[in-house]
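The values are calculated or read from the model by the stated rules, or taken from the named source; none is laboratory data. Because the structure is a prediction, the values reported are computed rather than measured. Every residue, glycine as well, gets a Cβ built from its backbone with ideal geometry; the counts of neighbours run over all protein chains shown.
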């Protein structure tokens, strides 16, 4: 938490290369909004002011969705969060999607997903294991990553 409080840009965002994004700023602000205390409240207020002046990325529908969801969750204006798109579970967006799933559930939002909560939990565990393998490669041989998001078989209902 201290790192987030200390690294906020004066204008209210968090600098992620190449430039600040709504996703990153709203995500950090969501987390800090639950921390409580005057320092967190001031940081969240600056983040909200920065977010109010921004528009979601519009070059891609998934990028737009990723920008909008944490901002809606922070404002408390999220209806059901629709994370059913198959693109969300590919290699490019899977980590962010699982993070948004967890964030939305922690904020009490209804999440529409092609996967059950136990499957999402297992995917989270697999991603954490994969991340640890990257950090521990010199000590422990890397195991192949677990791919939990194979396409559903036709006709299967969740």
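Residue by residue, here is whether (1) within 21 Å of residue 109 (Cβ to Cβ); (2) assigned by TED's automatic domain parsing to the domain that holds residue 13 holds:
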{"residue": "27", "(1), (2)": "yes, yes"}
{"residue": "38", "(1), (2)": "no, yes"}
{"residue": "43", "(1), (2)": "no, yes"}
{"residue": "72", "(1), (2)": "yes, no"}
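Please specify each residue of the stretch 15-30 satisfying the condition of being out of contact with any strand residue (DSSP E or B) (no Cβ under 6 Å at 6 or more places or on another chain), without any contact (Cβ under 8 Å) to a residue 40 or more places away in the chain and either in a helix (DSSP H, G or I) or buried (at least 16 other Cβ atoms within 10 Å of the Cβ) (or both).
20
Going through the stretch 51-73 one residue at a time, which ones are more than 17 Å from the chain's Cα centre (by Cα) and in contact (Cβ under 8 Å) with a residue 40 or more places away in the chain?
Across the stretch 51-73, there are no qualifying residues.
Within the stretch 31-56, which residues are assigned to a loop (DSSP other than H, G, I, E, B) and either in contact with a strand residue (DSSP E or B) (Cβ under 8 Å, 6 or more places away or on another chain) or at pLDDT 90 or above (or both)? Steps first, please.
Filtering the stretch 31-56 down to residues assigned to a loop (DSSP other than H, G, I, E, B) leaves 34-37, 53-56.
Residues satisfying the conditions are 53, 54, 55, 56.
Can you name the residue in the stretch 57-96 that is surrounded by 19 or more Cβ atoms within 10 Å (Cβ to Cβ) and in a loop (DSSP other than H, G, I, E, B) and is also modelled with the lowest pLDDT among such residues?
Applying the filter and picking the extreme gives 78.
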